[in-house]
Every structure is written in structure tokens, then in C-alpha cells.
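Data first, discussion second: the structure below is written as C-alpha cells.
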Amino acid sequence: MEKERKLLIAGNWKMNKTVAEALDLVQGLRRELAAIKEVDIVVCPPFTVLCEVSKAILDSNLRLGAQNMSENSSGAYTGEVAAGMLKEFSVRYVILGHSERRQYQKEADALIAKKALTALASSLKPIVCVGETLAEREGGNTEKVVGMQVKGSLAGISKEQMGEVVIAYEPVWAIGTGKTATTEQAQAVHAFIRKTVASLYDDATARRVRILYGGSVKPGNTRELMSQPDVDGALVGGAALEIRSFSDIVKNSI
Ligand code: 13P
């Protein structure tokens, strides 16, 4: 089915890859994916390899993303990385509020919203992550939790700015566990997220926003997930670390 939104497949490398390994991976992806025009393809390596990867994907159809950034633009924030620093390496996207950061760094919606506003002010496209835990799903609270995360993480973002925002739905129980949400479960939450965006903004904004699915996406389940009307791409973890699996996911998404 033809979608009105262009698909986006992003690889979140998390805390993996040395410079040499990163270069091997992106050189392979360049080769495998050179002909793909139908999908926006984004790689999100760790900060330490952004510089080298940025050079290695020049003049290609691969785009660069970061996995986090500071809500502040500069100053005495030891260990933090600012949006302007990412821009130096031609970073276009930044993952914000990933569940691992919500869990381990205790990032909350208000902070994620601040980061998203800082990213937008620097012309970076935020990929804002939301998703429920297993206990929240089993307690029947998926919509309540995801709805609050969407509202809280988009606080202060204007209708115009929403044109640059990507939302990623990543059920926490499906991340790195091999358990994928069924296509029905994914579609239901994606439709709910789009409805929430419509209630916060308007129908046109909701129709435009891309909502990615993340959580054990593999070459074998990509086609079915992408066939869902409200699934506009994927945020891939483990399977983004190998040339074959990531390029097959991109190819199978079309
Ligand atoms: P996995 O694809 O390894 O489940 O990770 C998903 C994820 O967290 C992407 O951001």
C-alpha cells in the first residue's frame, strides 16, 4: 500500500562499534543500499564515531543521527554534548527519550521536551521515543502511559515544528528480547499516537507525522510491520549492527 509519508528506517547502534567496526558497517551499507530512494535511511552511532562515519557517508543516501544530546546549548555541563556540536558532523536526527535513557538516566518527559525544543532550534530532527513496560501493558495502561509520554515529551512544540518531529513507539518489553509486538498491537498503538497528535495539534499535523516502530525488528518481520497503515518506519537496535540484517530490513520495508 502506498503511504502518504516517506518511510524512515533508523539504526540505533547503542553503545557498540569502534571506529574500524563502524567504518566497515557504513561502507557495507553504502554499497548495499546505494539504489534505495524510497526510504530515508539513518544511522545513529555513538558520539565517538560520528566524525568518521560522517565523512564515510558523504555523498550517499545515508543520513546521520545521534542517540542523545543536552538540553543546553553550551557551558559547564561536564560530559554532555550540545546540538551545535552534532551539527558540525552533519548530524540531521537525534534520538531523544529512548527507554534505556528513561530507565538508566531517569530522563522524564519534561526533560525530553526541553531537549526536543533545543534540537529543533538547531534544525535537528528529534526522534522522540515512547513506549510502555510489560507491567503497564498487562495492567491495561498502555494508552494511558503512551498518551502521557506523547503529551509530555512534545510539550511546547509548535504545530509548524511538528513537521520536523519523528515519534518512535518502542514497547519496552519488545526491546532486545526477541519479542516483537504483533502487527495488530503495533498498529493499534500507532493509531492511538496519531489520534493523540491530532488532539494536541490537528488532523493535518497528525497525518504528516512519521511514527516508527522499534523492538526486535528483523528482516523477517519488517514487511508485515511496515504494511500497517500507521507504521511509517522502524527504529532498529540489534539488527542494525550487521550489514546484511540492516540492509535487508531497509529492502524489505519497500
Ligand atoms: P532491538 O531492535 O535490539 O530490540 O532494539 C530496539 C531499540 O531499542 C531501538 O532503539
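For the reader, a short list of remarks on this structure follows.
- Any hit, the range 163-180, residues being away from the ligand (no atom under 16 Å from the Cβ) and either farther than 27 Å from Leu241 by Cβ or part of a helix (DSSP H, G or I) (or both): yes
- Residues of the range 198-254 classified as among the β-branched types (Val, Ile, Thr), assigned to a helix (DSSP H, G or I) and within 12 Å of the ligand (Cβ to nearest atom), total: 2
- Some residue of the range 230-248 being buried (at least 23 other Cβ atoms within 10 Å of the Cβ) and in contact with a His (Cβ under 7 Å, 6 or more places away or on another chain): yes
- Residue match in the range 148-161 (condition: more than 16 Å from Ser99 (Cβ to Cβ), of a type in the set (Asp, Glu) and either outside any helix (DSSP H, G or I) or out of contact with any Leu (no Cβ under 9 Å at 6 or more places or on another chain) (or both)): yes
Here's the yes/no breakdown for (1) of a type outside the set (D, E, K, R); (2) over 21 Å from the mean Cα position of the chain (by Cα); (3) surrounded by 14 or more Cβ atoms within 10 Å (Cβ to Cβ); (4) within 24 Å of Leu212 (Cβ to Cβ):
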{"site": "Lys6", "(1), (2), (3), (4)": "no, no, no, yes"}
{"site": "Ala10", "(1), (2), (3), (4)": "yes, no, yes, yes"}
{"site": "Thr18", "(1), (2), (3), (4)": "yes, yes, no, no"}
{"site": "Arg31", "(1), (2), (3), (4)": "no, yes, no, no"}
{"site": "Val39", "(1), (2), (3), (4)": "yes, no, yes, yes"}
{"site": "Pro46", "(1), (2), (3), (4)": "yes, no, yes, yes"}
{"site": "Leu62", "(1), (2), (3), (4)": "yes, no, yes, yes"}
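- Residue ID - farthest from the chain's Cα centre (by Cα), chosen from residues in the range 166-216 that are within 23 Å of Trp13 (Cα to Cα) and of a type in the set (Ser, Thr, Tyr): Thr177
- Residue-level check: of (1) modelled with pLDDT under 95; (2) surrounded by fewer than 22 Cβ atoms within 10 Å (Cβ to Cβ); (3) of a type in the set (Gly, Ala, Ser), Ala181 misses just (2).
- Output for the range 170-202, where each listed residue is polar (S, T, N, Q) and in contact (Cβ under 8 Å) with a residue 24 or more places away in the chain: Thr177, Thr180, Thr183, Gln187, Thr196
- Of the candidates Ile36, Ile9, the single residue that is within 16 Å of the ligand (Cβ to nearest atom), hydrophobic (A, V, I, L, M, F, W, C) and either out of contact with any helix residue (DSSP H, G or I) (no Cβ under 8 Å at 6 or more places or on another chain) or touching a residue at least 60 places away in the same chain (Cβ under 8 Å) (or both) is Ile9.
- For the range 67-98, taking the residues that are touching a Pro at 6+ places or on another chain (Cβ under 8 Å) and not β-branched (Val, Ile, Thr), the one that is surrounded by the most Cβ atoms within 10 Å (Cβ to Cβ) is identified as Leu96.
- Yes/no for Glu138 being among the charged types (D, E, K, R), within 16 Å of the ligand (Cβ to nearest atom) and without any contact (Cβ under 8 Å) to a residue 12 or more places away in the chain: no
- Breaking point among (1) surrounded by 22 or more Cβ atoms within 10 Å (Cβ to Cβ); (2) more than 19 Å from the chain's Cα centre (by Cα), for Ile112: (2)
- Residue in the range 104-113 that is more than 26 Å from Asp203 (Cβ to Cβ), assigned to a helix (DSSP H, G or I), modelled with pLDDT of 95 or more and in contact with an Asp or Glu (Cβ under 6 Å, 6 or more places away or on another chain) present: no
The values are calculated or read from the model by the stated rules, or taken from the named source; none is laboratory data. Keep in mind it's a predicted model, so treat the numbers as computed, not measured. Quick reminder, even Gly has a Cβ in these numbers, built from the backbone with ideal geometry, and neighbours come from all protein chains shown.
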